[in-house]
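Participant: Would you mind keeping the following structure in view while I ask a few things?
The values are calculated or read from the model by the stated rules, or taken from the named source; none is laboratory data. Everything numeric in this text was worked out from a predicted model, so none of it was measured. Note that each Cβ is placed from the backbone with ideal geometry, even for glycine, and that neighbours are counted across all protein chains shown.
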Amino acid sequence: MSSLFSRIQEFAKSPKAREAIDKAKEMANDPKNKEKVQGYLAKFRKK
């Protein structure tokens, strides 16, 4: 049984990981998503 860390390393090297990273970057650059995150941060900071 491989350790969790080695399984994470294997995933990080896979094409699926590259797709996930690219999708996350795309979503992070979307102005709508940036606005949503800023709204959530503002609500969180008020508490």
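Participant: For the list (1) at pLDDT 90 or above; (2) loosely packed, with under 10 Cβ neighbours inside 10 Å; (3) not β-branched (Val, Ile, Thr), I need the number of the one condition that Lys46 fails.
Facilitator: It is condition (1) that Lys46 fails.
Participant: Does Arg7 satisfy the criteria of being surrounded by 10 or more Cβ atoms within 10 Å (Cβ to Cβ) and either over 12 Å from the mean Cα position of the chain (by Cα) or not in a loop (DSSP other than H, G, I, E, B) (or both)?
Facilitator: yes
Participant: What are the pairs with Cβ atoms under 6 angstrom where one residue, in the stretch 1-26, is without any contact (Cβ under 8 Å) to a residue 40 or more places away in the chain and the other, located anywhere, is among the small types (Gly, Ala, Ser) and surrounded by 10 or more Cβ atoms within 10 Å (Cβ to Cβ)? Sequence gap at least six, or different chains.
Facilitator: From the stretch 1-26, the pairs are Phe11/Ala17.
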